[in-house]
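Have a look at the structure below, then the notes.
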Amino acid sequence: MQPLPSQVAMLQLAAEQPGARSLVIDAAWRTDLRIDTAALERAAAGALAETEAAEIGAVVDGGARFVAARPAPVGVERFGTEEAYAAWRAGGTLQLDGGPLVRATIVRVGGSHVVRLLAHHAVLDGYAVTRVFRRIVARLRAEADGAPLPHERLGDLAALAAEAAPLRPPDAAFWSAATDGVGDPGREIAFADRVAPPSGRPRQRRARISAPGIADRRTWPAEAVATVAAYTARYLGTADAHVGVTVGLRRTALERATPVQWMAVVPTRLAVPPDATPATLAADVRRWLVAASERIAGGERPEQLLTVVPAAWRTGRLHGPIVNVLPDVRTDGWSLDVTAWGPVPDCLISVYSEPGDELVVDGVFHPELYDAAQAAAHVDAVAALVGAALAAPDAPLPAVPARPVDPDRIAVPGGWAVPARIRAALVAAGFPADGVELRAAPPVTVVLHGVDVARLPDARAVLPPGVRVRIS
């Protein structure tokens with residue numbers, strides 16, 4: 001089974017972390033509408049039978065590869081308390097044992113019905129999961145109306161693979177518009193000063209915004225992306241923002257009809273002048289994403305830039321926060337709860353619309369890089385800014401307080417090093433405080449005295465990428 005270009009990187013990650021929850025999308029739609037549970041189960045089974053991606057499994061065999069699988073039967077669960085339901089959801093993942101990588105469960109929690117879709121991110125993305133869910137709802141409603149929907153294949157994976165351009169190296173000259181400056185000394189692009197492998201148990205914080213009429217305005221997704229980028233720049237005290245923007249690559253009818261992983265995180269550099277408005281920034285975002293999407297459609301995958309751009313592979317970063325705006329997940333009568341969005345090595349800010357003129361700002365943060373208070377502060381501040389910006393897109397963005405600057409910070413490749421934070425991180429990792437020496441002259445170096453060389457990776461893991469480490 002030939003993977004699509006957008007699935008290759010996810011398969012590579014899956015080979016490195018088989019069974020990791022960090023590579024799973026866990027989405028659950030919930031309703032208090034009166035529904036026949038058996039009919040909902042039939043609708044889910046019918047939708048899975050129509051979805052070719054539900055017949056994909058994967059195995060780890062010198063790498064990860066797709067294999068054919070029989071669709072999983074629809075599960076049915078019931079929980080007497082919200083706590084029991086939450087504990088059950090927290091344990092969900094998908095093993096790479098050849099079994100299907102798309103699964104549906106119908107859940108009763110009190111008087112509510114939940115449709116939970118669990119999918120490996122190498123198989124489905126957010127758009128595709130939503131498309132499968134909407135097919136479940138369509139089949140449920142048609143049966144209730146006495147006109148059940150006939151079986152219909154959703155798209156065509158083979159045809160989609162045949163249309164996909166072969167992978168080719170990214171054009172460094174084009175992508176330099178987004179990557180220039182990444183890795184420069186003192187060029188801070190993220191809220192945290194280091195990266196970490198994706199975590200299966202990230203911190204999550206949500207905020208809701210009342211947004212009458214905004215979800216029906218075509219320009220709001222780009223305005224939301226631009227506003228999160230502006231928050232990033234203003235918080236860091238920089239003139240521009242380096243963010244990753246999730247983009248659906250569906251331009252043809254076949255791509256829109258086929259539930260499959262078909263997206264990319266696009267490195268984006270956005271200038272944020274003092275008088276910036278959401279509308280003007282959104283226009284810049286749209287122009288860049290249109291041009292970048294043309295490149296991606298031609299076979300250039302942005303994640304390859306990590307090995308092409310020297311500053312990126314030295315620092316482990318192409319961008320800071322990922323911005324994930326989902327304008328098309330709202331379904332009348334149902335609310336959405338996503339507890340796993342896929343791999344998050346730093347932080348992900350998602351914005352999506354809900355019934356009742358609400359927008360949800362959902363922040364997911366790596367637990368080794370952010371504590372609960374930091375996660376809450378970012379999400380609450382972003383939600384307030386997005387609410388104000390979308391209500392007045394032609395007005396200058398409200399002020400965002402920049403975070404305090406550490407007076408003793410030292411410029412290093414990819415940002416700044418703060419001696420006190422470096423010492424605290426090393427002590428927390430188990431290194432003796434009296435054995436840590438920081439040499440501030442470039443290149444900034446930490447020397448660990450009296451430490452076994454085998455512990456070098458432990459030190460490297462808690463230091464900013466631009467700081468060198470030695471053992472003496």
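Assign one of three labels to the stretch 175-287, namely rounded, prolate or oblate, based on the Cα gyration tensor with a ≥ b ≥ c the square roots of its eigenvalues; rounded applies when a/c is under 1.5, prolate when it is not and a/b is larger than b/c, and oblate otherwise. It is rounded, given that a/c, with a ≥ b ≥ c, falls under 1.5.
Applied to the stretch 58-69, the Karplus parametrisation 6.51 cos²θ - 1.76 cosθ + 1.60 on θ = phi - 60° returns per-residue 3J(HN,Hα) values of 8, 10, 9, 8, x, x, 10, 9, 6, 9, 6, 9 Hz, with x for Gly and Pro. (1) 48; (2) 44; (3) 61: which one is percent of Cα pairs over 30 Å apart as calculated from this entry? Step by step, percent of Cα pairs over 30 Å apart for this structure corresponds to label (1). Multiplying the residue separation of Ser472 and Asp406 by 0.36 nm and removing their Cα-Cα distance gives an extension gain of 20.9 nm. Once the chain from Glu294 to Asp337 is taken as fully extended at 0.36 nm per residue, the excess over their C-alpha distance is 12.3 nm. Rounded to the nearest 500, the helix-only mean residue ellipticity at 222 nm of the chain stands at -10000 deg cm²/dmol, with each DSSP H run of n ≥ 4 adding -39,500 (n - 2.57).
Read the figures in this text as sums done on the coordinates, not as results from a lab. All figures in this text were calculated on a predicted structure; none of them were measured in a lab.
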